Amino acid sequence: MSQEQNNLYLSSILEKAIILPVLVIENRDDAVPLAEALLEGGCTSVEVTLRSEAALSAMEEIAKSLPELVLGAGTLLEPEQFSQVKNAGASYALSPGTTRTLAQAAIDTDFAYVPATATPSEVLELRELGFKIQKLFPAGASGGTEMLKSLGSPIADVRFCPTGGVSVSNVNDYLKQSNVICVGGSWLAPKDLVAEKNWSAITKIVRESMAAVS
Ligand code: 3PG
């Protein structure tokens, strides 16, 4: 796929998703019930991060059992992880920052990738490589909605998925920005509720968050 096709593909996924839950799945057995709870609440895509031993097998389980949920893989830090998450069934990848090596690995693997930026120069560097959809991370700490407004005026053709510090209390402020395609966050699947396997409480959080933005 060309970078342009990847951008179109990511747009279609992320515009629909609106809110992307960022997940740390410690137990493979939690993967499908957690994903089902998020799906039931209205999520259409999830980001399963590579922050746990179980991450790749959790991705395999979700990809196998819930093909209707678009599976994103997050926290890619090494170039070889692109082929690993692709093989595990993920449809696209995200990372908390980006290097030339990571961007090149995504291009070489021909895998849709949302690289992360936090400064105008980083945004431009990735834009030059064709990445028109980027994650703003850490969104809150790097200036939040003011940063997005400041980026949007001179760099009007890059859209962002702000993540890091987004919550139910500010999600609407982020989504109102014209250069925000969706937001990401961990608030939809709190660790304690996952540990308790309280799937209905997670569905409720997603429903409330989706209702708050629609
Ligand atoms: C991420 O990896 O995108 C962040 O850890 C999510 O940030 P949050 O916990 O502030 O939502």
Out of (1) in contact (Cβ under 8 Å) with a residue 24 or more places away in the chain; (2) buried (at least 16 other Cβ atoms within 10 Å of the Cβ), the odd one out for residue 97 is which? (2)
If you check every pair at least six apart or on different chains, which have Cβ atoms under 7 Å apart with a residue in the stretch 109-123 that is open to solvent by 30 Å² or more (accessible area, probe 1.4 Å) first and a residue that is among the aliphatic types (A, V, I, L, M) second? 110/1; 120/151; 120/155
Go through the stretch 166-194 and give me each residue that's small (Gly, Ala, Ser) and touching a residue at least 60 places away in the same chain (Cβ under 8 Å). 184, 185, 186, 189
Among the residues in the stretch 136-152, are any more than 29 Å from residue 38 (Cα to Cα), over 16 Å from the mean Cα position of the chain (by Cα), surrounded by fewer than 18 Cβ atoms within 10 Å (Cβ to Cβ) and not small (Gly, Ala, Ser)? yes
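Each row is one residue, and each column tells you yes or no for (1) within 16 Å of the ligand (Cβ to nearest atom); (2) in contact with a helix residue (DSSP H, G or I) (Cβ under 8 Å, 6 or more places away or on another chain); (3) closer than 20 Å to residue 162 by Cβ.
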residue: 7; (1), (2), (3): no, no, yes
residue: 19; (1), (2), (3): yes, yes, yes
residue: 33; (1), (2), (3): no, yes, no
residue: 39; (1), (2), (3): no, no, no
residue: 43; (1), (2), (3): yes, yes, yes
The correct count of residues that are exposed (fewer than 14 other Cβ atoms within 10 Å of the Cβ) and part of a helix (DSSP H, G or I) in the stretch 72-82 is 0
Checking the conditions here, which among 201, 212 is out of contact with any strand residue (DSSP E or B) (no Cβ under 8 Å at 6 or more places or on another chain), in a helix (DSSP H, G or I) and touching a residue at least 40 places away in the same chain (Cβ under 8 Å)? 212
For the condition open to solvent by 10 Å² or more (accessible area, probe 1.4 Å), in contact with a strand residue (DSSP E or B) (Cβ under 7 Å, 6 or more places away or on another chain) and either outside any helix (DSSP H, G or I) or of a type in the set (Lys, Arg) (or both), what is the one hit in 46, 22? 22
Strands (runs of 3 or more DSSP E) contained in the stretch 97-192 and holding at least 2 residues more than 11 Å from the ligand (Cβ to nearest atom): 133-136, 159-162
Go through (1) away from the ligand (no atom under 16 Å from the Cβ); (2) surrounded by fewer than 17 Cβ atoms within 10 Å (Cβ to Cβ) for residue 69 and report which single condition fails. (2)
Taking the criterion of being in contact with a Pro (Cβ under 9 Å, 6 or more places away or on another chain) and not polar (S, T, N, Q), would at least one residue in the stretch 60-75 satisfy it? yes
Can you find even one residue in the stretch 98-113 that is closer than 14 Å to residue 14 by Cα and in contact with a helix residue (DSSP H, G or I) (Cβ under 7 Å, 6 or more places away or on another chain)? yes
With the requirement that a residue be open to solvent by 40 Å² or more (accessible area, probe 1.4 Å) and part of a helix (DSSP H, G or I), what does the stretch 49-60 give you? 56, 60
Could you go through the stretch 84-94 and let me know if any residue there is buried (at least 22 other Cβ atoms within 10 Å of the Cβ), in a helix (DSSP H, G or I) and touching a strand residue (DSSP E or B) at 6+ places or on another chain (Cβ under 9 Å). yes
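The values are calculated or read from the model by the stated rules, or taken from the named source; none is laboratory data. In this text the structure is predicted, and so the values were computed from the model without any measurement. Glycine gets a Cβ as well: all are built from the backbone with ideal geometry, and neighbour counts include every protein chain shown. For the accessible areas, the whole protein counts, side chains as well, though only heavy atoms, and no ligand, DNA or RNA atoms are used. Shrake-Rupley method; radii C 1.70, N 1.55, O 1.52, S 1.80 Å.
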